[in-house]
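The values are calculated or read from the model by the stated rules, or taken from the named source; none is laboratory data. What you are looking at is a predicted structure, and each value in this text was computed from that prediction instead of being measured. Positions of Cβ are backbone-derived with ideal geometry, glycine not excepted, and every protein chain shown enters the neighbour counts.
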Amino acid sequence: MRTNLQPMLIAKMVLTLAQLAIVGRLLFSALQRIPRDVPAASDADRQTAMTVIIPVYNEQSRLAPCLEGVLRFSHLVQEILVVDTGSTDRTCALAQSYAVRDQRIRVVSAGDPPHGWNGKSWGIVHGIKLASPESEWILLLDADVRPSPTLPDRLLAACEELGVRCASVALLQAPAADPLSWLLHPAMLTSLVYRVGLPGQIARSPDQVFANGQALILHRHLLAALDNGRRVAFANAEDLALARALSAMGEPIAFLDALDDSFVTMYPEGRQVWTSWPRSLHLKESRGNFAVVLDLALLTITQGAWLPLCLISLRSPTLRLPAFLSAAVRLGILAGMQRAYRWHSWWYWLSPAVDVFVVARIIQAATVQRPVWRGRTIGQGGQP
């Protein structure tokens with residue numbers, strides 16, 4: 001009897017400590033959190049200038065709403081560079097139609113990236129080359145972002161208020177309407193909350209850094225320190241690699257809560273959420289193997305195990321305490337994370353049921369050494 005009980009007690013201790021570690025992380029990030037409504041938009045008489053760079057590759061179906069928002073940016077934005085990296089659809093023609101409407105928009109062709117290069121990094125490098133020397137700040141924007149007119153001003157104001165030169169923002173999320181999107185997207189977003197904590201933080205060490213490349217602002221001098229982006233040429237998640245490289249140089253990195261109504265629709269359907277997003281969710285960039293394994297192990301025994309643990313505890317009273325803690329943490333995150341979404345489907349509330357599958361998918365994606373994105377292999381050693 002004692003032999004059977006001892007492993008259960010060890011499991012109880014490990015699972016309880018894991019949940020307490022997550023609770024501690026969430027409490028710490030909550031206490032350090034930057035208020036969501038600070039700062040206000042920048043003053044209209046600001047003297048600085050900004051260049052917006054939008055790297056694109058076959059974005060015909062997603063680019064128009066992004067450019068509609070960009071057209072409404074204030075005079076702070078001096079130019080908008082749409083950098084094409086080898087599109088085979090009508091992306092360039094679409095962007096040119098917007099360039100006719102606003103002289104700030106320029107469409108430039110970077111051509112196909114070299115083998116192994118991250119296509120977005122390739123676009124960033126070419127965009128920086130062509131950016132006006134008068135622009136002190138660079139705003140990197142993804143084509144799937146639907147920006148509010150105030151986004152550049154508020155991001156810059158946040159940098160000045162907080163004394164940082166690199167910041168990204170947790171945009172409001174607007175998944176596609178299909179049930180699979182609403183099951184998978186919240187569960188995958190939750191995996192970041194478990195490992196990173198809440199948005200609204202300033203990280204001062206690479207281990208604490210998180211960045212969202214969908215909307216990321218940097219001072220131009222920082223990009224020069226990174227060889228204008230070439231140092232993250234082969235990164236799978238160039239935004240995280242860039243932020244961690246800057247942090248290693250002593251630069252504080254801000255990850256802000258939503259500043260305005262800007263939002264993003266990442267994928268048109270749930271199948272693409274499943275196949276594409278885990279490519280960057282493992283957070284491997286610029287980290288050692290031990291740290292990655294430890295991180296994913298903690299995710300497995302917390303988010304991944306909470307539902308099986310609750311079911312097992314029905315027959316094993318010893319595990320009821322960690323089961324209760326794990327369920328409380330998971331459902332608490334589910335309730336609090338509502339604010340991250342622009343609208344809600346009732347499928348959102350069922351998303352914890354797929355946690356075990358989502359965690360398994362993230363772990364599987366972490367084992368891929370050279371991921372493929374839209375037919376292009378990313379990473380040193382990538383083959384033509």
message: Looking at 112, 89, can you tell me which residue is over 26 Å from residue 242 (Cα atoms), touching a Ser or Thr at 6+ places or on another chain (Cβ under 9 Å) and either of a type in the set (Asp, Glu) or buried (at least 23 other Cβ atoms within 10 Å of the Cβ) (or both)?
response: 89
- prompt: Taking segment 165-194 only, how many residues are crowded, with 21+ Cβ neighbours inside 10 Å and farther than 24 Å from residue 331 by Cβ?
  reply: 5
message: Exactly one of these conditions fails for residue 335: (1) at pLDDT 90 or above; (2) surrounded by 13 or more Cβ atoms within 10 Å (Cβ to Cβ). Give me its number.
response: (2)
Residue count, segment 53-67 (criterion: touching a helix residue (DSSP H, G or I) at 6+ places or on another chain (Cβ under 8 Å) and either at pLDDT below 95 or not β-branched (Val, Ile, Thr) (or both)): 8
message: Pairs please, first residue from segment 269-280 and within 14 Å of residue 178 (Cβ to Cβ), second anywhere and outside any loop (DSSP other than H, G, I, E, B) and among the charged types (D, E, K, R), Cβ atoms under 9 Å, 6+ apart in sequence or on different chains.
response: 274/361
- request: Kindly establish whether residue 222 is surrounded by 21 or more Cβ atoms within 10 Å (Cβ to Cβ) and within 21 Å of residue 152 (Cβ to Cβ).
  value: no
- prompt: Which residues, taken from segment 293-307, are at pLDDT 95 or above and surrounded by fewer than 15 Cβ atoms within 10 Å (Cβ to Cβ)?
  reply: none
- prompt: Pairs under 6 Å by beta carbon, first residue aliphatic (A, V, I, L, M) in segment 179-195, partner not in a helix (DSSP H, G or I), six or more apart or different chains?
  reply: 188/277
task: Give the residues of segment 243-266 that are part of a helix (DSSP H, G or I) and of a type in the set (A, V, I, L, M), sorted by residue number.
output: 243, 245, 246, 248
message: Taking the condition of being among the hydrophobic types (A, V, I, L, M, F, W, C) and surrounded by fewer than 21 Cβ atoms within 10 Å (Cβ to Cβ), how many residues in segment 267-280 meet it?
response: 2
message: One residue is enough: does segment 319-327 have a residue meeting the conditions of a type outside the set (Lys, Arg), within 30 Å of residue 17 (Cβ to Cβ) and in contact with a strand residue (DSSP E or B) (Cβ under 9 Å, 6 or more places away or on another chain)?
response: no
- request: Only residues that are crowded, with 17+ Cβ neighbours inside 10 Å and either farther than 24 Å from residue 173 by Cα or touching a Leu at 6+ places or on another chain (Cβ under 8 Å) (or both): list them for segment 357-374, please.
  value: 358, 359, 362, 363, 365, 366, 371
field: Unmet criterion (only one of (1) free of Cβ contacts under 8 Å to residues at least 24 places away in the same chain; (2) surrounded by 15 or more Cβ atoms within 10 Å (Cβ to Cβ); (3) β-branched (Val, Ile, Thr)) for residue 100
entry: (2)
message: Take the conditions part of a helix (DSSP H, G or I), of a type in the set (S, T, N, Q) and either free of Cβ contacts under 8 Å to residues at least 60 places away in the same chain or touching a His at 6+ places or on another chain (Cβ under 8 Å) (or both) and apply them to residue 351. Does it pass?
response: yes
field: Residue ID - farthest from the chain's Cα centre (by Cα), chosen from residues in segment 200-230 that are assigned to a loop (DSSP other than H, G, I, E, B) and within 24 Å of residue 365 (Cα to Cα)
entry: 209
message: If I ask for residues that are in a loop (DSSP other than H, G, I, E, B), modelled with pLDDT of 95 or more and closer than 17 Å to residue 87 by Cβ, which ones from segment 98-148 would you list?
response: 142, 143, 144
